[in-house]
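The values are calculated or read from the model by the stated rules, or taken from the named source; none is laboratory data. The structure displayed is predicted, hence computed values, not measured ones. Note that each Cβ is placed from the backbone with ideal geometry, even for glycine, and that neighbours are counted across all protein chains shown.
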Amino acid sequence: MAARFALMIDPVPADAEDGDFAATFQVVDPSAPALSVSELSTQRGDGIFETIGVVDSHPQEVGAHLDRLAHSAGLCDLPVPHLGQWRQAVARAAVECGPGEGAVKLILSRGVEHGPAPTAWVTAAAAPDNTVPRTRGIRVVTLDRGIDSGAAERAPWLLLGAKTLSYAVNMAALREAHRRDADDAIFVTSDGFVLEGPTSSVVLRFGDRYVTPATGTGILHGTTQISLFDHLRASGRTAQYEAVPVDALVRADAAWLVSSVRLAAPVTAIDGRAIPVDAEATASFNRYLLSPRD
C-alpha cells in the first residue's frame with residue numbers, strides 16, 4: 001500500500017492536557033526522504049505500529065488500536081503515547097484515504113540513536129482490492145513459530161504480545177506459504193497449539209461456537225477479532241477464547257483469518273486438506289466489518 005499522505009508527529013507526554021494538537025503535526029511528502037539514516041526503526045526495527053482500516057474516510061476501531069499501541073509501547077519501554085493526540089492524527093490522515101477502503105498506519109519508533117525523543121508518524125493509503133480473498137477464500141499452511149506455549153510468560157523480552165516493526169519473520173512466513181502453494185500461514189507452537197497468522201487472527205467455528213486462540217500464549221490481541229466477537233455475542237452467539245490444539249484446525253466447521261484491512265477471509269484448505277466454507281457467515285462478517293465502527 002503506497003502512502004498517499006504522511007504526517008510527522010511531535011509526541012507529547014501521555015499526561016499532557018487534552019486540546020487541539022494540530023500544531024504538533026507536520027504534513028510531509030510521502031515520496032520524499034523524511035527519516036535520518038540513524039533512525040532505529042530502519043536500523044533495528046526498534047519501534048511499534050498499528051494499521052487501521054478506513055471505510056469512506058471513517059477510521060475503524062480507533063480506540064482499540066490506540067489502546068494496543070499504548071500496550072505495545074509499555075512492553076517495549078517506549079514513551080506511552082498521548083491517545084488524544086494520536087486520535088487527532090488518525091482523523092487527519094483518514095480523510096486523505098478518500099472514498100472506498102483505505103488504511104492508516106501509525107508508527108512510533110525509538111528514534112535516532114542517542115537522540116532525545118522518539119520518532120512518530122502516520123501515513124494514509126488506499127487499500128488493495130480484497131474481493132478475491134473475502135469471497136473465494138484462502139489456502140493456508142501451518143508453520144512452527146519456534147516457541148512453545150509457555151514462552152511468552154517465561155521470556156517476556158521476546159515481546160510476543162507487542163506489535164513491533166520487527167516483521168522479518170512474519171514476511172518470511174508468508175514467502176514460505178507461497179512456496180508451499182498457499183496464500184497465507186497459521187503459526188503454531190512447538191508443543192502443538194494454534195497461535196495466529198503472520199498478519200491476522202484465527203477464528204474457528206465448531207458447531208454453534210466461535211473460537212479464537214487464547215492470548216496467554218503471547219499472540220497479538222486482534223482488534224478485528226475482538227470487534228467480531230462483540231458482534232457475535234450481541235447477536236446471541238457464543239464466542240470464546242481457548243487453547244486450540246493444532247489437530248483441531250481440520251475438525252473445524254469453518255475457519256477465517258481476520259485482520260483490519262483484508263477483514264474476514266474464509267480458509268478453504270489447511271496444509272492441503274480442504275475444510276468447509278461458511279459463505280453466509282463470511283458475507284455477514286464482512287458486512288459488519290465494513291460498517292462504521294468506533
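Observations
- Every residue from the stretch 168-198 that is in contact with a Pro (Cβ under 8 Å, 6 or more places away or on another chain) and not in a helix (DSSP H, G or I): Asp183, Asp184, Ala185, Phe187, Gly192, Phe193, Val194, Leu195, Glu196
- Meets criteria (touching a Lys or Arg at 6+ places or on another chain (Cβ under 9 Å), surrounded by fewer than 16 Cβ atoms within 10 Å (Cβ to Cβ), modelled with pLDDT of 95 or more and among the polar types (S, T, N, Q)) for Thr238: yes
- Only listed residue being within 30 Å of Asp77 (Cβ to Cβ) and acidic (Asp, Glu), chosen from Asp148, Asp129, Asp183: Asp148
- A count restricted to the stretch 3-15 and to residues that are in a strand (DSSP E or B) and either of a type in the set (Phe, Trp, Tyr) or within 15 Å of Ala89 (Cβ to Cβ) (or both) stands at 6.
- Any chance Asp184 is surrounded by 14 or more Cβ atoms within 10 Å (Cβ to Cβ), touching a Lys or Arg at 6+ places or on another chain (Cβ under 6 Å), in contact (Cβ under 8 Å) with a residue 40 or more places away in the chain and within 25 Å of Thr135 (Cβ to Cβ): no
- Leading residue by the ranking (nearest to Lys163 (Cα to Cα)) among those in the stretch 98-114 that are part of a loop (DSSP other than H, G, I, E, B) and not small (Gly, Ala, Ser): Arg110
- Considering only residues in the stretch 16-43 that are farther than 19 Å from Val90 by Cβ and without any contact (Cβ under 8 Å) to a residue 40 or more places away in the chain, the one that is farthest from the chain's Cα centre (by Cα) turns out to be Glu17.
- The criterion of at least 1 residues that are without any contact (Cβ under 8 Å) to a residue 40 or more places away in the chain is met by the following strands (runs of 3 or more DSSP E) wholly inside the stretch 199-294: 209-213, 238-242.
- Qualifying residue in the stretch 235-251 (condition: among the β-branched types (Val, Ile, Thr) and in contact with a helix residue (DSSP H, G or I) (Cβ under 9 Å, 6 or more places away or on another chain)): yes
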